[in-house]
Amino acid sequence: MTTSSPRRAGYWLQLALTLAVCAFMTVPVVLSVLAGLTNNIFVGLSSGLTTRWLVEVWALYRNTIFLSLGIALACLACTLVIGVPAAYYMALRRNRVTRLIEELLMLPVALPGLATALGLILLYGSFQGLRTSWVFILIGHVLFTLPFMVRAVLAILSAIDIRTLEDAAASLGASRLQRFFTVVLPNCRQGILAGALMVVTLSVGEFNLTWMLHTPTTQTLPVGLADSYASMRLEIGSAYTIVFFVMIIPLLVFMQALSALGARARRHAPDAAAEAAALPTLSPDTRPAAETRHA
């Protein structure tokens with residue numbers, strides 16, 4: 001009785017702390033959502049609910065929504081094409097050079113986004129066509145998100161001893177390209193999905209770097225959100241937040257579902273392999289019955 005009381009008290013204390021943290025994080029979001037659905041934020045819910053602020057946001061800022069999603073998907077494609085092979089190379093050759101490359105890749109994350117954007121402007125600002133294009137923002141987003149893709153894939157490749165798998169595939173006559181697509185990619189699928197989740201969320205929500213790189217015709221979601229809070233009614237800014245959630249949450253849920261499916265398939269693969277390996281050891285008389293029960 002005496003032992004269970006401290007445990008119960010600890011449980012309730014942890015629960016209370018968890019609920020307090022959840023409330024601290026979610027209450028501001030809930031209030032912002034409610035502000036975007038009320039007629040007058042200063043009067044409160046008693047002024048009535050409305051969707052006209054959402055309609056105004058869609059009319060004023062829908063181009064920024066589609067542009068942000070397009071940049072995020074293009075950024076994901078670029079980080080996949082660059083980051084996965086780079087992580088594969090660094091996993092095979094762990095030496096001082098690859099560790100130096102890994103640390104250099106982290107510089108855009110360590111530096112303030114404004115400093116990275118200023119460097120891009122000084123380097124490429126003279127190219128007028130690039131400076132006024134959304135591709136300029138894409139370059140900044142790739143620099144910022146590439147380390148997250150590389151680190152996620154590299155962690156998986158380091159954990160599964162990719163060199164041994166490579167040697168086994170090479171001994172069977174597989175070329176480097178075949179080994180990459182048939183051995184490396186299937187084994188680092190979880191790392192790719194985790195990196196993709198981070199890349200998309202960071203690209204959609206990135207503000208500091210984008211604010212320096214954007215032009216009036218290349219506003220993204222966060223920049224448009226800041227503009228709406230600065231120049232419009234507070235209700236429109238809050239409605240913009242709702243649109244932001246509606247656009248990003250389904251994408252995150254979809255990617256999380258893909259990650260969960262991959263993890264489930266990875267857990268079930270050893271069991272299926274063990275069952276398949278056990279079947280040939282049965283006698284010819286019992287093998288059909290065992291296969292029937294397995295089916």
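Values quoted throughout were computed directly from the atomic coordinates according to the rules given, and no laboratory measurement underlies them. As the structure is a computational prediction, the values presented were derived from the model and not from experiment. Note: ideal-geometry Cβ built from the backbone for every residue, glycine included; neighbour counts use all protein chains shown.
A few notes on this one:
- Backbone N atoms of region 196-214 closer than 17 Å to the 7 Å Cα→Cβ label point of TYR124 belong to residues 203-204, 206-214.
- Pairs of Cα atoms farther than 14 Å apart, region 24-87, %: 72 percent
- Placing unit charges on the Cβ atoms only, positive for Lys and Arg and negative for Asp and Glu, gives the chain a dipole magnitude near 340 debye about its Cα centre.
- Couplings for region 90-107, taken from phi via the Karplus curve 6.51 cos²θ - 1.76 cosθ + 1.60 with θ = phi - 60°, read 5, 5, 6, 10, 8, 9, 5, 5, 5, 5, 5, 4, 4, 5, 5, 5, 7, 4 Hz in order; Gly and Pro are left as x.
- Peptides 194-202, 40-48 ordered by average Cβ neighbours within 10 Å, highest first: 194-202, 40-48
- Estimated FRET transfer efficiency (SER47, ARG131; beta-carbon r; R0 41 Å; 0.05): 0.40
- Each peptide in 170-178, 73-81, 119-127 receives the mean, over its residues, of other Cβ atoms within 10 Å, and ordering these scores from highest gives 73-81, 119-127, 170-178.
- Entry for the chain at q = 0.13, 0.16 Å⁻¹: log10 I(q)/I(0) = -1.05, -1.26, Debye formula applied to identical alpha-carbon scatterers, no solvent contribution.
- Other-chain or far-sequence residues with amide H under 5 Å of THR38's (modelled H): THR50
- Highest average packing first - 59-68, 95-104, 27-36, Cβ atoms within 10 Å: 59-68, 27-36, 95-104
- Translational diffusion of region 1-147 was estimated from the Stokes-Einstein equation, with Rh taken as the Kirkwood radius over Cα pairs; at 4 °C and 1.567 mPa s the coefficient is 63 µm²/s.
- Counted charge near PHE42, where neighbours are those whose Cβ lies closer than 13 Å (Asp, Glu -1; Lys, Arg +1): 0
- ARG62 versus ALA257: modelled label distance in nm, points set 7 Å from Cα along the beta carbon direction: 2.5 nm
- The phi torsions of region 244-250, fed into the Karplus equation with coefficients 6.51, -1.76 and 1.60 and a -60° offset, translate into couplings of 4, 5, 5, 7, 8, 5, x Hz, rounded to whole numbers, with Gly and Pro shown as x.
- Working from Cα pairs under 8 Å separated by at least six residues, relative contact order for region 29-267 is 33 percent.
- Extension gain from LEU19 to SER5, taking 0.36 nm per residue of separation minus the Cα-Cα distance: 2.9 nm
- Nitroxide proxy distance, nm - points 7 Å out along Cα→Cβ at ASP167 and MET106: 2.9 nm
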